[in-house]
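Q: Dropping the structure in here first, questions after.
The values are calculated or read from the model by the stated rules, or taken from the named source; none is laboratory data. As the structure is a computational prediction, the values presented were derived from the model and not from experiment. With ideal geometry, Cβ positions are generated from the backbone for all residues, glycine too; neighbour counts draw on all protein chains shown.
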Amino acid sequence: MARCNSLKRSGGAAGFTIIEVLVALGILGLVLASALGLLSTGAVGVARADHTTRAVLVAESVLAALGSNVDPQDDGLSDTSDDGFSWRVSIRPYSDETTPPPKPAALRLYRIEIAVQRGRGLDYRVVTLGLGRADDR
């Protein structure tokens, strides 16, 4: 029993050993590093979503500006928006064997594509169909 008594801390002082403190600080450091990683990932995701939303707004505003009547002469139209997004319109005749041609024959179905980009890559593309006057292309 004398041996058991010698293992007790002298003076009745309670506290943590230096090893326990170092382990607790290591665990705290890992938790904080993980939390900061999650915050930075979230910030990048928010920035990417904002960028995509602005590209969608540019594409939709260009589509609205084209109007409901497709003019094949608008093919190749391009510009840059105020916030630095460049866009380009592509209008091609649409053909589908399962869809009969519209009547009157003076009208035709067109495939309208608006590509929006900022920087080096394509950010957003909207493709839709529109009715316009027939053109000999």
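Q: Residue by residue through the range 43-78, note down the ones that are charged (D, E, K, R) and touching a helix residue (DSSP H, G or I) at 6+ places or on another chain (Cβ under 8 Å).
A: At the first step, the residues of the range 43-78 found to be charged (D, E, K, R) are 48, 50, 54, 60, 71, 74-75.
Result: Asp74, single match.
Q: Every residue in the range 60-105 that is hydrophobic (A, V, I, L, M, F, W, C) and touching an Asp or Glu at 6+ places or on another chain (Cβ under 9 Å), please. Steps first, please.
A: In the first step, residues of the range 60-105 are kept if they are hydrophobic (A, V, I, L, M, F, W, C); the result is 62-66, 70, 77, 85, 87, 89, 91, 105.
Selection gives Val62, Leu66, Phe85, Trp87, Val89, Ile91.
Q: Hey, another quick one. Let me confirm something: among Val62, Val56, which residue is surrounded by 15 or more Cβ atoms within 10 Å (Cβ to Cβ) and not charged (D, E, K, R)? Lay out the reasoning, then the answer.
A: Working: Val56 fails: surrounded by 15 or more Cβ atoms within 10 Å (Cβ to Cβ).
So the residue among Val62, Val56 that is surrounded by 15 or more Cβ atoms within 10 Å (Cβ to Cβ) and not charged (D, E, K, R) is Val62.
Q: Could you give me the residue pairs with C-beta distances under 7 Å whose first residue belongs to the range 110-137 and is on the phi < 0 side of the Ramachandran plot and among the aromatic types (Phe, Trp, Tyr), whose second residue is assigned to a loop (DSSP other than H, G, I, E, B) and modelled with pLDDT of 80 or more wherever it lies, and which are 6+ apart or on separate chains?
A: Matching pairs, first to second residue: Tyr110/Tyr94.
Q: Could you run through the range 78-116 and say how many residues are surrounded by 16 or more Cβ atoms within 10 Å (Cβ to Cβ) and modelled with pLDDT under 90?
A: Qualifying residue count for the region: 4.
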